[in-house]
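> Right, I'll just put the structure down here and ask away after.
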Amino acid sequence: MTKCVKYLLILNVVAFLIDMVMPALGNICALYYFDDPYGRFMPHQLVTYMFMHGDFMHIFFNMFALWMFGRIIEQSLGMKRFLIYYFVCGIGAALVQEVGQAIGLISPLSSTVGASGAIYGILLAFGMLYPNEKMFIIPIPVPIKAKWFVIGYAAIELFEGFHSSDGVAHFAHLGGMLFGIILILYWKEKANRPANYFDRQTKPKWKVRTNTKPSTGKVQTESYNKDERSGSYGNGKFSHSADYQYNAEQQARNEQIDKILEKIRANGYSSLTAEEKKMLFDASNK
């Protein structure tokens, strides 16, 4: 069990139990249309609705999917990025639901609860990060690849969104997937930038070094360009080779993690060596 997934499970279960004994909490935390005629919409609902659920089966299946897929995605993205990803997908799902209500696809009087938007974002991430991982889906008798599983789910939600009136927030599910793919593609594009990309986009940074000579007690002040590799001014010397060495080591570690993730996509998590598993676990906690 990874940290974020564990705490999200606890928060959802606690919120569900409180809602059972205090039903009024659902009216405050559920998501309403921003132009609700009864004035029930409040900005915090874009977040709080994710921790409200309609009944036991609703929260059970959401939490089961969070446990099954969320821990894998957290190990892949790292704890901080996973938490960002989860809430971006959840809030994105809420925004798409609001748009659906604004254009008349969804009743403006209905309310929305559940972590499903964020969960669908996690399913999308699993399909993108591990597209060839084989899965058994009841009642399909043969294993299917994760990418086809995700595409199939998205197609079903799109069809149900336009043709069903079952009260399920199908467009919110699609919204979670939409914002998930945008964020993953953004991170992927950012990772492919040159190591010195941001250094070239910013102005040189300057520092002031102050030295006190024991013999005279006089203070010397030297200014130097932080972007320069080495040099000297007067009696002062400086070197920034350590910064470049650190960046090189960081780049090498990132490349190792990428190779491990490629290995998981091709052969599954069980194909990793103990050293590779440890390296992936250490990276996920940074």
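The values are calculated or read from the model by the stated rules, or taken from the named source; none is laboratory data. This structure is a prediction, so every number in the text was calculated from the model and none was measured. Cβ placement follows ideal geometry from the backbone for every residue including glycine, while neighbour counts extend to all protein chains displayed. Calculation scope for accessible area: heavy atoms of the full protein, side chains included, ligands and nucleic acids excluded. Shrake-Rupley method; radii C 1.70, N 1.55, O 1.52, S 1.80 Å.
> Name every residue in region 27-40 that is surrounded by 19 or more Cβ atoms within 10 Å (Cβ to Cβ) and in a helix (DSSP H, G or I), in order of residue number.
The answer is Cys29, and nothing else.
> Pairs, please: C-beta under 6 Å, at least 6 apart or cross-chain, first residue basic (Lys, Arg) and in region 68-83, second crowded, with 21+ Cβ neighbours inside 10 Å?
Note: pairs meeting the criteria are Arg71/Val5.
> Return only the number of the condition from (1) more than 30 Å from Asp19 (Cα to Cα); (2) open to solvent by less than 60 Å² (accessible area, probe 1.4 Å); (3) part of a helix (DSSP H, G or I) that Ile137 does not satisfy.
With respect to (1) more than 30 Å from Asp19 (Cα to Cα); (2) open to solvent by less than 60 Å² (accessible area, probe 1.4 Å); (3) part of a helix (DSSP H, G or I), Ile137 is out only on (3).
> Taking the stated definitions as given, is Ala24 surrounded by fewer than 16 Cβ atoms within 10 Å (Cβ to Cβ), out of contact with any Leu (no Cβ under 9 Å at 6 or more places or on another chain) and of a type in the set (Gly, Ala, Ser)?
Working: surrounded by fewer than 16 Cβ atoms within 10 Å (Cβ to Cβ): yes; out of contact with any Leu (no Cβ under 9 Å at 6 or more places or on another chain): yes; of a type in the set (Gly, Ala, Ser): yes.
When the stated conditions are applied, Ala24 passes them.
> Sticking with this one: Can you name the residue in region 103-122 that is of a type in the set (A, V, I, L, M, F, W, C) and modelled with pLDDT of 95 or more and is also most open to solvent (accessible area, probe 1.4 Å) among such residues?
First, the residues of region 103-122 that are of a type in the set (A, V, I, L, M, F, W, C): 103, 105-106, 109, 113, 115, 118-119, 122.
Imposing the further condition that a residue be modelled with pLDDT of 95 or more reduces the set to 113, 115, 118-119, 122.
Working: Val113: 52, Ala115: 0, Ala118: 1, Ile119: 8, Ile122: 1 Å².
Per the stated criteria, the residue is Val113.
> Follow-up question, since we're still on this one. Could you check His53 against (1) of a type outside the set (A, V, I, L, M, F, W, C); (2) in a helix (DSSP H, G or I); (3) crowded, with 20+ Cβ neighbours inside 10 Å and say which number it fails?
For His53, the exception is condition (2).
> Could you grab me the full set of residues in region 140-183 that are under 25 Å from Leu109 (Cα atoms), assigned to a helix (DSSP H, G or I), small (Gly, Ala, Ser) and at pLDDT 90 or above?
Narrowing region 140-183 to residues under 25 Å from Leu109 (Cα atoms): 156-179.
Pick out the ones that are also assigned to a helix (DSSP H, G or I) and you get 156-163, 170-179.
This time we only want the ones that are small (Gly, Ala, Ser), so: 161, 172, 175-176.
Once the filter is applied, which keeps residues that are under 25 Å from Leu109 (Cα atoms), assigned to a helix (DSSP H, G or I), small (Gly, Ala, Ser) and at pLDDT 90 or above, region 140-183 yields Ala172, Gly175, Gly176.
> Does Pro43 satisfy the condition of being at pLDDT 95 or above, open to solvent by 70 Å² or more (accessible area, probe 1.4 Å), of a type outside the set (S, T, N, Q) and farther than 26 Å from Tyr269 by Cα? So that I can check it myself, show each step before the final result.
Details: at pLDDT 95 or above: yes; open to solvent by 70 Å² or more (accessible area, probe 1.4 Å): yes; of a type outside the set (S, T, N, Q): yes; farther than 26 Å from Tyr269 by Cα: yes.
So Pro43 passes the test.
> Quick one: would you say Gln75 is open to solvent by less than 40 Å² (accessible area, probe 1.4 Å) and in contact with a Ser or Thr (Cβ under 8 Å, 6 or more places away or on another chain)? Don't jump to the end; show me each part of the working.
Details: open to solvent by less than 40 Å² (accessible area, probe 1.4 Å): no; in contact with a Ser or Thr (Cβ under 8 Å, 6 or more places away or on another chain): yes.
Considered against the rule, which asks whether it is open to solvent by less than 40 Å² (accessible area, probe 1.4 Å) and in contact with a Ser or Thr (Cβ under 8 Å, 6 or more places away or on another chain), Gln75 comes out as no.
> Do we have Val88 as buried (at least 16 other Cβ atoms within 10 Å of the Cβ), β-branched (Val, Ile, Thr) and either in a helix (DSSP H, G or I) or on the phi < 0 side of the Ramachandran plot (or both) here? Don't jump to the end; show me each part of the working.
Working: buried (at least 16 other Cβ atoms within 10 Å of the Cβ): yes; β-branched (Val, Ile, Thr): yes; either in a helix (DSSP H, G or I) or on the phi < 0 side of the Ramachandran plot (or both): yes.
Yes, satisfied.
> Looking at region 136-176, which of its residues are under 13 Å from Leu123 (Cβ atoms), touching a residue at least 60 places away in the same chain (Cβ under 8 Å) and not small (Gly, Ala, Ser)?
Once the filter is applied, which keeps residues that are under 13 Å from Leu123 (Cβ atoms), touching a residue at least 60 places away in the same chain (Cβ under 8 Å) and not small (Gly, Ala, Ser), region 136-176 yields His173, Leu174.
> Say whether the condition of being of a type outside the set (Ser, Thr, Tyr) and assigned to a loop (DSSP other than H, G, I, E, B) is met by at least one residue in region 65-75.
So the first thing to find is which residues in region 65-75 are of a type outside the set (Ser, Thr, Tyr), and the list is 65-75.
With the extra rule that they be assigned to a loop (DSSP other than H, G, I, E, B), the set shrinks to none.
Checked against the condition, which is being of a type outside the set (Ser, Thr, Tyr) and assigned to a loop (DSSP other than H, G, I, E, B), region 65-75 yields no hits at all.
> If you check Gly161, Gly167, Gly175, which single one turns out to be of a type in the set (Gly, Ala, Ser), buried (at least 20 other Cβ atoms within 10 Å of the Cβ) and under 21 Å from Leu95 (Cβ atoms)? Show your work before the answer.
Details: Gly161 fails: buried (at least 20 other Cβ atoms within 10 Å of the Cβ); Gly167 fails: buried (at least 20 other Cβ atoms within 10 Å of the Cβ).
Residue meeting the stated conditions: Gly175.
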